[in-house]
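Working notes, beginning with the structure itself.
The values are calculated or read from the model by the stated rules, or taken from the named source; none is laboratory data. Fair warning: this is a prediction, and the values are worked out from it, not measured in the lab. Note: ideal-geometry Cβ built from the backbone for every residue, glycine included; neighbour counts use all protein chains shown.
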Amino acid sequence: MAEPLATAPIGVFDSGIGGLSVLQALYQELPQEHFVYLADAGYAPYGERESAHVLRRSEAIARYLIDTPQVKALVIACNTATAAAVATLRRRYPGLPIIGIEPAVKPAAALSRTGRIGVLATRSTLQSDKFAALLASQSPSTHFVLQPCDGWAAAIEQADTANITRLATQYLAALGPLGHHDGEIDAIVLGCTHYALISELLTSLLAGRGSLHEAGRPVARRAHQVLQAQGLIRPSLFRDGAITLLSTGAPEPLQLAAKRWLPFTGAVQSLALAS
């Protein structure tokens with residue numbers, strides 16, 4: 001691949017609409033940049049698939065974003081895809097800045113008073129070696145309660161309000177006692193980018209019993225640092241950047257979600273992208 005140019009766009013991908021929570025943070029952090037967001041909705045959900053499937057899809061998406069819009073950096077806005085593919089993609093494209101995402105375990109542990117952290121994530125993320133290494137790097141005095149959230153990302157993708165609320169209530173309850181006393185969980189990590197899109201609902205259900213921690217803003221800050229260090233920030237003479245949205249599945253879910261969470265009203269482009 002050719003050396004990236006500062007004026008080139010930044011590629012961002014997820015299995016569906018969840019990565020919009022990361023794209024929103026990126027746009028706020030780097031408003032002069034162009035972004036190309038690819039939702040792999042035709043091959044979703046990632047969180048309940050084998051790692052080999054997620055790796056194949058991540059490789060296909062990276063090839064497309066590097067060859068066609070010729071992105072200058074790649075942000076993997078999906079915990080499952082980061083765990084399955086980030087190491088492989090970095091080996092394959094050593095000249096391309098690739099920023100992955102991980103559950104916000106470290107900031108949650110730093111702010112917890114009780115030392116008990118709940119982690120809501122997909123089954124694939126919780127079972128990954130990368131997540132195991134992340135937990136192993138934390139203080140042994142911190143206790144983590146891991147809750148796989150089957151079907152929750154799909155409900156958010158489909159804007160199924162009743163099911164979203166039912167599953168949110170179910171999975172929060174499954175963590176155990178929530179609160180600020182000894183033995184209670186006082187910090188909850190949202191280990192899937194989809195969950196950050198419903199943070200208002202979760203805050204309401206928590207009713208002050210704990211804090212929420214998601215990774216969108218830390219990823220945006222990291223992307224800024226990496227681009228700055230490599231001289232890839234879009235020149236300041238440019239004004240507001242642009243956002244291009246692509247989907248390998250039905251465009252309507254991404255279209256509706258973008259209108260809700262982004263400064264964006266253009267049409268989602270459909271994309272056929274085989275592995």
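Just checking, which of 182, 129 is in contact (Cβ under 8 Å) with a residue 24 or more places away in the chain, surrounded by fewer than 23 Cβ atoms within 10 Å (Cβ to Cβ) and closer than 21 Å to residue 219 by Cα?
Numbers: 182 fails: closer than 21 Å to residue 219 by Cα.
Among 182, 129, only 129 is in contact (Cβ under 8 Å) with a residue 24 or more places away in the chain, surrounded by fewer than 23 Cβ atoms within 10 Å (Cβ to Cβ) and closer than 21 Å to residue 219 by Cα.
Somewhere in the range 66-79, is a residue assigned to a helix (DSSP H, G or I) and crowded, with 17+ Cβ neighbours inside 10 Å? If you could, list the steps in order and put the result at the bottom.
Of the range 66-79, the ones assigned to a helix (DSSP H, G or I) are 66-67, 79.
Add one more test, that the residue is crowded, with 17+ Cβ neighbours inside 10 Å, and what stays is 66, 79.
Checked against the condition, which is being assigned to a helix (DSSP H, G or I) and crowded, with 17+ Cβ neighbours inside 10 Å, the range 66-79 yields at least one hit.
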query = Looking at the range 7-35, which of its residues are closer than 14 Å to residue 262 by Cβ and assigned to a strand (DSSP E or B)?
reply = 12, 14, 35
query = Among (1) closer than 20 Å to residue 219 by Cβ; (2) in contact with a Phe, Trp or Tyr (Cβ under 8 Å, 6 or more places away or on another chain), which single condition is residue 47 missing?
reply = (2)
message = Just to be sure before I move on: is residue 203 within 24 Å of residue 109 (Cα to Cα) and touching a Cys at 6+ places or on another chain (Cβ under 7 Å) in the structure I sent?
response = no
inquiry  = Can you find a residue that is surrounded by 13 or more Cβ atoms within 10 Å (Cβ to Cβ) and either polar (S, T, N, Q) or not assigned by TED's automatic domain parsing to the domain that holds residue 30 (or both) anywhere in the range 235-242?
reply    = no
ask   = Can you name the number of the only condition in (1) surrounded by 24 or more Cβ atoms within 10 Å (Cβ to Cβ); (2) aromatic (Phe, Trp, Tyr); (3) under 23 Å from residue 221 (Cβ atoms) that residue 35 fails?
value = (1)
ask   = Any idea which residue in the range 40-64 is surrounded by the fewest Cβ atoms within 10 Å (Cβ to Cβ), counting only those that are of a type in the set (Gly, Ala, Ser) and closer than 22 Å to residue 126 by Cα?
value = 52
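Restricting to the range 206-225, name every residue that is surrounded by 15 or more Cβ atoms within 10 Å (Cβ to Cβ), more than 12 Å from the chain's Cα centre (by Cα) and either in the same structural domain as residue 75 (by TED's automatic domain parsing) or outside any loop (DSSP other than H, G, I, E, B) (or both).
Within the range 206-225, the subset surrounded by 15 or more Cβ atoms within 10 Å (Cβ to Cβ) is 206, 209-220, 222-224.
Narrowing further to those that are more than 12 Å from the chain's Cα centre (by Cα): 206, 209-213, 222-224.
Listed by number, the residues that qualify are 206, 211, 212, 213, 222, 223, 224.
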request  = Taking residue 153 as meeting all but one of (1) touching a Ser or Thr at 6+ places or on another chain (Cβ under 8 Å); (2) in a helix (DSSP H, G or I); (3) at pLDDT 95 or above; (4) surrounded by 20 or more Cβ atoms within 10 Å (Cβ to Cβ), write down the number of the exception.
outcome  = (3)
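Here's the yes/no breakdown for (1) among the polar types (S, T, N, Q); (2) at pLDDT 95 or above:
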| residue | (1), (2) |
| --- | --- |
| 65 | no, yes |
| 73 | no, yes |
| 80 | yes, no |
| 88 | yes, yes |
| 122 | yes, no |
